[in-house]
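The values are calculated or read from the model by the stated rules, or taken from the named source; none is laboratory data. Bear in mind that the values here come from a model prediction, so they are computed numbers and not experimental data. As a convention, Cβ positions derive from the backbone with ideal geometry for all residues, glycine included, and neighbour counts pool all protein chains shown.
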Amino acid sequence: MAEEKPKVEPASGWPIVAGEIKVGDPKGPVAVAALASETIVKDIAETPGVAIVGPVKTENIGIEKVIANVISNPNIRYLIVCGTEVTGHVTGGSLKALYEHGIQPDKRIKNAPGAIPYVEHLSEEVVDRFRRQVQLIDMINVEDVGAIKAKIAELVANDPGAFPEPPMVVKVEVEEKKVEEVLKIPLASIAQPVMFSIEALLNDMRYRVQLIGRTWRLISGVGSFRALGLSLGLALSLGVYALLLFFTTMG
């Protein structure tokens, strides 16, 4: 009879980050990142030994969610990265690069091939924990459910038991503001010049431009820089219009 491996309870409320995921056995040793292949998720979720599975589409927020859910469950000791690679984002390649090389001080994934491979919500300590807790299995561009299940069975047979450290919880906040909301400038208030100074207007514009840059860097893939340029151009145009209106009302 095989020796039963030690298991622990994952963090309260696990999985701690929601998304297009399916939970199997919380004490299973395998997590599966199915990249762009959403159609294989259901079959894999029902496989014995799988703790969690879901698509992972972006090389920033998507990777952050994977890591947050893995390190908050010490029972997970393997991460299979499979399914069709995400064009432009190169999410699988970026996740593999993070596992192999870690991150830079500016939160950029070292040697990542993705368009915007920044994990802004993860510290080096969090990334180090992830790299120590799991073994990454590279099955990028494999969609054969039979082959993936065979690998899962192999890993389950070699389950080393729970990682010998408590669950680590990291908060991943996703910017939900729409770009069009960020671009709103309170033009009505400009009709009251006594209450609205040029300095306040410029500060408001600067803040909004920063929000636009952050939003696009987190949610955009291929063509993001062109879209960012258009957004910044629109924001600056609105700002110039606001200044002209301000001087008109002053006159």
*asked:* Which residue is nearest to the chain's Cα centre (by Cα), if the candidates are limited to region 101-124 and must be crowded, with 22+ Cβ neighbours inside 10 Å and closer than 18 Å to residue 71 by Cβ?
replied: 119
*asked:* One residue is enough: does region 85-97 have a residue meeting the conditions closer than 26 Å to residue 158 by Cα and of a type in the set (A, V, I, L, M, F, W, C)?
replied: yes
*Considering only residues that are farther than 16 Å from residue 72 by Cβ and not aliphatic (A, V, I, L, M), look in region 15-34 and name the one that is modelled with the highest pLDDT.*
22
*Are any of the residues in region 25-41 out of contact with any strand residue (DSSP E or B) (no Cβ under 8 Å at 6 or more places or on another chain) and within 26 Å of residue 123 (Cβ to Cβ)?*
no
*From the list 81, 126, which one is within 15 Å of residue 168 (Cβ to Cβ) and touching a helix residue (DSSP H, G or I) at 6+ places or on another chain (Cβ under 9 Å)?*
126
_residue 75, sole failed condition from (1) under 22 Å from residue 143 (Cβ atoms); (2) crowded, with 19+ Cβ neighbours inside 10 Å; (3) not hydroxyl-bearing (Ser, Thr, Tyr)_ = (1)
_Hits in region 16-61 (condition: farther than 18 Å from residue 137 by Cβ and crowded, with 24+ Cβ neighbours inside 10 Å)_ = 59, 60
*Could you tell me whether any residue of region 89-100 is of a type in the set (Phe, Trp, Tyr), at negative phi and either touching a residue at least 40 places away in the same chain (Cβ under 8 Å) or in a strand (DSSP E or B) (or both)?*
no
*asked:* Whether any residue in region 154-172 is more than 15 Å from the chain's Cα centre (by Cα), of a type in the set (Gly, Ala, Ser) and buried (at least 21 other Cβ atoms within 10 Å of the Cβ) is what I want to check.
replied: yes
*Can you name the residue in region 126-161 that is outside any helix (DSSP H, G or I) and of a type in the set (A, V, I, L, M) and, of all such residues, is farthest from residue 72 (Cα to Cα)?*
142
*Any pair with Cβ under 8 angstrom, 6 or more apart, that starts in region 12-34 at a residue that is assigned by TED's automatic domain parsing to the domain that holds residue 62 and ends at one that is of a type in the set (Phe, Trp, Tyr)*: 26/14; 29/78; 30/78; 31/78
_Just to be sure I understand, how many residues within region 40-88 are touching a residue at least 40 places away in the same chain (Cβ under 8 Å) and part of a loop (DSSP other than H, G, I, E, B)?_
17
*Mind checking which pairs have a first residue in region 105-118 that is at negative phi and a second that is of a type in the set (Phe, Trp, Tyr) and not in a strand (DSSP E or B), Cβ under 9 Å, 6 or more apart or different chains?*
115/225; 116/216
